[in-house]
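Quick note: the coordinates plus some simple rules give every number you see, no bench work behind them. Worth saying up front: this structure is predicted, and the values here are computed from it rather than measured. Neighbour counts are summed over all protein chains in view; Cβ atoms, including those assigned to glycine, are modelled from backbone coordinates with ideal geometry.
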Amino acid sequence: HDVMGCFPPLATGPGLAYGSTSSNGTNLATQVGTMVFLTPQLEQQAIWNQINWQTAPQPWVGYQAWANQIPGLLCPSDTGLGPNTMTYTVGTATMTGYQGRNNYKVSLGTTTNDNQNNMTTTGLFANNGRSTMASIVDGTSHTLAFAEMCQGNTGNLAEVIGNRAINVAAGMATMTGYYNTGYATCTATSSGKFYTAAYNTNTGEMQGSRWNDGSAHYSGFTSVLPPNGASCFSTTPDRVWGIFTPSSRHPGGAIAAFADGSTRFVPETIDVMVWQSMGTVQGSEAIDNALAN
């Protein structure tokens with residue numbers, strides 16, 4: 001923010017005009033995520049210099065910049081999945097390559113429906129959006145910016161932490177406030193620490209598998225369900241909207257970073273209304289610091 005005068009977007013680039021909600025374009029830069037724009041600040045200038053902004057759309061494999069694993073994007077407490085091996089088909093050609101992973105996501109606030117395309121969310125980040133310190137009416141120390149999320153657990157797809165229920169669009173589309181249909185629908189997909197058999201938790205692309213991808217489920221989180229709660233995708237994985245809940249292998253909660261640069265351990269027992277209020281930038285909620293700790 002000090003360098004550019006604003007926070008980076010969830011996803012954007014020179015191939016996507018400001019104000020456009022389309023995620024498809026003529027070059028790579030239409031789906032580049034927040035962490036890519038932060039590489040110089042993460043002391044990864046060499047990766048930034050590798051990026052060719054006029055490359056064909058979505059070169060997910062065979063592209064050296066994306067194959068790099070940035071150590072600072074991995075949480076030591078996560079079991080990890082190792083390098084993400086991907087197969088990508090263009091015409092008749094099939095390519096196999098690797099992508100680096102990521103445990104840290106940006107806040108989309110409580111926005112759920114179509115949060116992979118919305119240029120505005122209730123949170124600090126949005127697709128092709130830009131926020132400034134002045135945007136944060138609720139105060140920087142009360143507003144979520146980043147949170148950790150487990151990369152995924154292919155060894156136990158039913159585990160709530162790190163995985164997700166899919167095809168849950170119908171009940172989440174009405175997500176507009178506290179304890180509403182979307183909250184209840186996603187909560188009902190799991191029992192305790194596991195998703196119920198009614199929900200297909202297939203592997204697809206795990207949410208920690210593309211550090212560079214600006215799609216909401218790869219780069220964003222929502223403050224709808226408390227940490228370590230269920231995550232719910234509208235359809236099968238790949239450019240979906242939904243509820244993306246922070247998670248960690250730390251006992252009892254997850255670590256979040258706020259817009260003022262501070263970090264805090266957020267317990268999974270946090271009051272839901274407090275948690276949802278922490279995700280909004282202009283909700284005008286009064287948050288008791290004792291409840292937020």
Want the number for Ala188 to Arg249: 0.36 nm per residue separation, take away the alpha-carbon distance, what's left? 19.7 nm
Point-to-point label distance, Gln69-Thr132, nm (Cα→Cβ direction, 7 Å offset): 4.0
Report the equivalent ellipsoid semi-axes for the stretch 220-270 in whole Å, largest first, defined as the square roots of five times the eigenvalues of the gyration tensor built from alpha carbon atoms. 22, 13, 8
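Just to verify a number: FRET efficiency for Glu43 and Phe265, C-beta to C-beta distance, R0 = 30 Å, to 0.05? Don't skip to the end; give the middle numbers.
Details: r = 25 Å, r/R0 = 0.85.
Between Glu43 and Phe265 the formula returns 0.75.
Dividing the alpha-carbon radius of gyration of the stretch 180-265 by 2.2 N^0.38 Å (N being the number of residues), what value is obtained?
Details: Rg = 13.4 Å, N = 86, 2.2 N^0.38 = 12.0 Å.
In units of the globular-protein estimate, the stretch 180-265 measures up at 1.12.
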I need the calculated FRET efficiency for the pair Asn200 and Ala170, taking r as the beta carbon distance and R₀ as 22 Å, to the nearest 0.05. 0.90
Peptides 114-122, 45-53, 146-154 ordered by average Cβ neighbours within 10 Å, highest first: 146-154, 114-122, 45-53
Simple spin-label model, 7 Å along Cα-to-Cβ: Thr140 to Asn156 in nm? 4.0
